[in-house]
Structures are given as C-alpha cells and as structure tokens.
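The values are calculated or read from the model by the stated rules, or taken from the named source; none is laboratory data. Just so you know, these numbers come straight off a predicted model, no measurement behind them. All Cβ positions, glycine included, derive from the backbone under ideal geometry; neighbour counts span all protein chains shown.
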Amino acid sequence: MNEFFILLLGTALVNNVVLVQFLGLCPFMGVSSKIDSAIGMGLATMFVLTLATAASWLIEHYILLPLEVEFLRILSFILVIAGVVQFTEMCIRSLSPTLYQNLGIFLPLITTNCAVLGVALLNTQQNNSFLQSVLYGVGASLGFLLVLVIFAGLRERQALASTSKLFAGPPIAFITAGLLSMAFLGFSGLPLQ
Amino acid sequence: MISSILILTLIGMVLGLMLSAVNYFLPYKEDPQIAQITELLPGTQCGQCGYAGCGQAAAALINGKAPLTLCPPGGPSMARQLSEALGRPLEQQQPASPVLPSLAKVVSELCIGCTKCIQECPTDAIVGAPKQLHVVLNEACNGCGACVDACPTEGILLAEMQLNLSNWRWSKPPRPNPFRIPLAEMDGAQ
C-alpha cells in the first residue's frame with residue numbers, strides 16, 4: 001500500500017510529467033487560459049492517459065512480447081492512443097456538448113500529447129507490472145491536472161493584473177511556467193524512500 | 001513483415017469495432033431546432049456575425065442572444081426567413097429620437113495643462129498651452145475619444161452634445177425600410 005502511495009506521489013509531484021519531464025506542453029500552454037476548460041482538459045487527459053497506459057501494457061505483454069514484434073511498439077501504442085482519444089471524444093460529445101465546444105480542437109489533439117505516449121513508453125522501459133503501470137498513469141495524469149489547474153488560475157489572475165506592454169500575454173505566461181517548473185523541482189527533496 | 005502488418009491490422013480492426021459499438025450505444029443527438037436553423041443559414045462559416053460558425057450562430061439565434069439580422073451574407077431575405085422559422089417579429093431598427101453625437105469636454109478642475117490631449121487630437125479641436133486650461137472647440141471635435149485615453153488625470157470626457165440654436169438641423173426624411181420589401185417581390189426578382 002505504502003509503495004503504491006509513494007509511486008503515485010512520486011509521479012504526480014516529484015517527476016511531474018509537465019514541469020519536470022517537460023512532456024505535454026502543448027495543452028499546458030494552449031488550454032490554460034480558463035480554469036473551467038483547464039479542468040475539463042485535465043480530466044479528459046486523465047481518462048485517456050489511464051486507459052491508454054492500461055491498454056498499452058496489455059498490448060505490450062500479450063501481443064508484442066509473445067510474438068516478438070517489439071519494433072511495432074510505438075506504432076501500436078499510437079494506434080491505441082488514437083482509438084482511446086476517439087472514444088473519449090464520442091463520450092464527451094454525447095454527455096457534455098458544452099465541454100465539447102470549449103475544448104474544441106484540443107480534444108483530438110490529446111492524441112499528439114506526448115505525455116500519453118511518453119508515460120506508456122516509460123512503463124515498458126521500467127518493466128512495471130500492470131497495477132504499477134496503471135498507477136503510474138493515474139499519478140502522471142493527476143500531476144498533469146494539478147499543474148494545468150494551477151497554471152490556469154495563475155493566468156486568470158495575470159489577465160487582470162497590469163502587466164507591462166513588453167510582457168503582456170504569452171511572454172509572462174512562459175516566464176510563469178518557468179518559475180512554476182523551478183518550484184516543482186523543489187519536490188525532488190521529498191524523502192519518499 | 002506479413003505478421004507485423006497482420007498484427008497492426010488486427011489491433012486497428014478491434015479498435016474500430018469498439019468505436020462503432022460506442023457510437024451505437026452513445027449516439028450524438030443534435031438539437032433538431034439548431035439543425036433546422038443551421039440548414040437555413042448560408043453554411044459558409046464566414047464568421048461575419050461574430051460567432052465561430054453557422055452552428056454557433058444558430059444556437060445563439062435560438063437562445064435569443066443574437067438579432068435576426070446577424071447574417072450579412074444572408075441579407076434581408078435571410079432575416080425574414082429566420083423571423084418566420086423562429087416566430088420572432090422583425091423590429092424596425094430606427095431610434096425614436098435622433099441621437100446627438102458625444103463630444104469631448106474638459107473638466108476644468110482636473111485639467112493640469114499637460115497638452116497630451118492636444119497631441120492626440122486628430123482634428124486639432126483642443127486649444128491650450130502648457131500649464132494652461134485646455135478648451136475643446138465643439139465645431140471641430142468629431143468625438144473620436146482619443147483625448148480621453150491620453151489624459152493622465154481623467155480630466156476629459158465625452159458628453160452628449162447639447163442641442164441649441166446654432167447646431168439644430170431639420171431631421172432627414174425617413175428612408176424606406178429595407179426589411180419591408182414584400183416577400184412576393186423578392187421571389188419574383190430571383
């Protein structure tokens with residue numbers, strides 16, 4: 001139990017997928033102007049990431065390894081991720097059309113979110129068990145959601161603050177992202193072992 | 001090589017089957033009224049109405065957030081069709097009383113005589129000298145508001161022109177309303 005908690009905390013905070021490993025920066029900058037859509041995007045990515053890690057573990061261990069076709073790993077993982085994203089899109093479209101409109105183009109772009117593929121590949125690299133892989137996926141997506149919501153909150157406040165003309169808009173957002181990343185590096189001091 | 005092609009095809013087929021099953025169990029139901037209005041609109045997604053596309057414009061029309069005359073490419077006939085489809089009457093959009101233009105006005109207690117507004121004014125309608133109270137010439141001011149943004153003390157504002165003998169004019173004769181053309185005449189012209 002303790003080991004799983006450490007894994008979850010470690011992936012969500014210490015090895016945060018966005019701010020420490022720098023994966024999935026596209027939605028991090030793109031969908032972080034409003035907290036509502038950031039939460040929607042974070043939850044959608046969470047759903048996709050967890051399902052995709054589970055599916056890719058199954059494919060890795062029941063198709064690729066027994067048939068000795070490991071060179072198909074990236075190709076088949078991307079196929080699975082695209083399928084899961086399409087599945088998520090269909091679910092969101094019929095369950096919440098408003099969220100579907102808010103997310104817009106960024107929903108199909110979860111396919112190209114390198115965090116999703118990155119986590120699946122890191123799982124095979126570290127030889128994680130099925131439960132560990134799923135937990136790794138949940139932790140990474142929790143970290144993604146957390147960072148996205150924090151950053152959206154910061155940007156909402158920045159939009160109201162008086163910023164000098166030179167820095168207004170994206171420049172100050174990038175600087176904030178850098179500072180946030182430095183702050184998250186502080187988690188590497190957590191005594192997790 | 002054949003085996004790898006087969007494996008990928010198999011994965012793809014299984015995923016495709018799953019997706020079509022999802023599509024069967026969670027069908028996407030579009031609002032029939034939105035679909036009907038979207039059908040009426042030109043469908044070129046030009047965005048001239050200010051919405052992202054015709055679908056969003058149709059939703060705004062149904063919610064009553066957008067006027068019936070929102071579609072410039074559709075023109076008057078589109079407005080009339082929309083009014084029929086939505087059961088909303090087309091109002092005449094003529095103000096009851098002529099609106100007088102707003103002109104700049106210096107608040108004498110706040111003016112510090114910095115001449116910043118003079119430099120911004122495109123029609124040279126503000127007179128004044130450094131550290132002297134500025135004055136707006138109503139005859140030259142066109143009410144663009146550039147001076148309001150330039151003033152550091154918020155000492156200049158736009159106020160509605162006061163009607164007096166020197167600026168009163170006869171109102172223009174009423175023009176025929178373009179939305180009043182009878183439907184039969186429009187159909188005959190096409």
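Being modelled with pLDDT under 85, farther than 30 Å from B:GLU39 by Cα and surrounded by 11 or more Cβ atoms within 10 Å (Cβ to Cβ) is true for just one of B:GLY113, B:GLY145. Which residue is that? Step through it out loud before you land on a result.
On the way: B:GLY113 fails: modelled with pLDDT under 85.
The unique qualifying residue is B:GLY145.
Being farther than 17 Å from B:ALA57 by Cα and at pLDDT 80 or above is the filter here, so list the residues in the range B:88-109 that pass it. If the condition is that a residue be farther than 17 Å from B:ALA57 by Cα and at pLDDT 80 or above, then B:PRO89, B:SER102, B:LEU103, B:ALA104, B:LYS105, B:VAL106, B:VAL107, B:SER108, B:GLU109 are the ones that fit.
Given the conditions (1) within 14 Å of another protein chain (Cβ to nearest Cβ); (2) under 30 Å from A:VAL14 (Cβ atoms); (3) of a type outside the set (A, V, I, L, M, F, W, C), and given that A:ASN113 satisfies all but one, which numbered condition is not satisfied? Only one criterion in (1) within 14 Å of another protein chain (Cβ to nearest Cβ); (2) under 30 Å from A:VAL14 (Cβ atoms); (3) of a type outside the set (A, V, I, L, M, F, W, C) is unmet by A:ASN113, namely (1).
Going through (1) within 17 Å of the chain's Cα centre (by Cα); (2) in a helix (DSSP H, G or I); (3) small (Gly, Ala, Ser); (4) within 11 Å of chain A (Cβ to nearest Cβ) one by one, B:ALA60 falls short only on (4). Does the range B:29-41 hold any residues that are assigned to a loop (DSSP other than H, G, I, E, B) and exposed (fewer than 13 other Cβ atoms within 10 Å of the Cβ), and which are they? B:LYS29, B:GLU30 - these are the residues of the range B:29-41 that are assigned to a loop (DSSP other than H, G, I, E, B) and exposed (fewer than 13 other Cβ atoms within 10 Å of the Cβ). A:PHE71: modelled with pLDDT of 85 or more, over 18 Å from B:LEU15 (Cα atoms) and part of a helix (DSSP H, G or I), yes or no? Answer is yes for this residue. Close contacts from the range A:167-193, counting a first residue that is more than 18 Å from A:ALA12 (Cβ to Cβ) and a second that is acidic (Asp, Glu) and at pLDDT 90 or above, with Cβ to Cβ under 9 Å and a gap of 6+ residues or different chains, come to none at all.
Can you tell me how many residues in the range B:42-57 are hydrophobic (A, V, I, L, M, F, W, C), more than 10 Å from chain A (Cβ to nearest Cβ) and exposed (fewer than 15 other Cβ atoms within 10 Å of the Cβ)?
Step one: list which residues in the range B:42-57 are hydrophobic (A, V, I, L, M, F, W, C), which gives B:46, B:49, B:52, B:54, B:57.
Now narrow it down to the ones that are more than 10 Å from chain A (Cβ to nearest Cβ): B:46, B:49, B:54, B:57.
This time we only want the ones that are exposed (fewer than 15 other Cβ atoms within 10 Å of the Cβ), so: B:46.
The total comes to 1.
Scan the range B:114-153 residue by residue and report those that are hydrophobic (A, V, I, L, M, F, W, C), in a loop (DSSP other than H, G, I, E, B) and under 14 Å from B:LEU103 (Cβ atoms). If the condition is that a residue be hydrophobic (A, V, I, L, M, F, W, C), in a loop (DSSP other than H, G, I, E, B) and under 14 Å from B:LEU103 (Cβ atoms), then B:CYS121, B:ALA125, B:LEU137, B:ALA140, B:CYS141, B:CYS144 are the ones that fit.
Of the residues making up the range A:29-71, just one is within 14 Å of chain B (Cβ to nearest Cβ), touching a Leu at 6+ places or on another chain (Cβ under 8 Å) and surrounded by fewer than 19 Cβ atoms within 10 Å (Cβ to Cβ), namely A:GLU70.
Quick check, is A:ILE74 closer than 19 Å to B:SER4 by Cβ and within 11 Å of chain B (Cβ to nearest Cβ)? Explain how you work it out, then say what you get.
Values: closer than 19 Å to B:SER4 by Cβ: yes; within 11 Å of chain B (Cβ to nearest Cβ): no.
In short, no.
Considering the conditions (1) of a type outside the set (D, E, K, R); (2) within 18 Å of the chain's Cα centre (by Cα); (3) within 9 Å of chain B (Cβ to nearest Cβ); (4) surrounded by fewer than 18 Cβ atoms within 10 Å (Cβ to Cβ), A:SER94 is excluded by exactly one of them, (2).
Applying the condition of being farther than 19 Å from A:ILE81 by Cβ and either at the interface with chain A (Cβ under 7 Å from one of its Cβ atoms) or β-branched (Val, Ile, Thr) (or both) to the range B:4-26 and asking which residue is surrounded by the most Cβ atoms within 10 Å (Cβ to Cβ) yields B:LEU26. Looking at the range A:93-193, the helices (runs of 4 or more DSSP H) lying wholly inside it that each contain 2 or more residues that are touching a helix residue (DSSP H, G or I) at 6+ places or on another chain (Cβ under 8 Å) and of a type in the set (Gly, Ala, Ser) sit at A:114-125, A:130-160, A:170-185.
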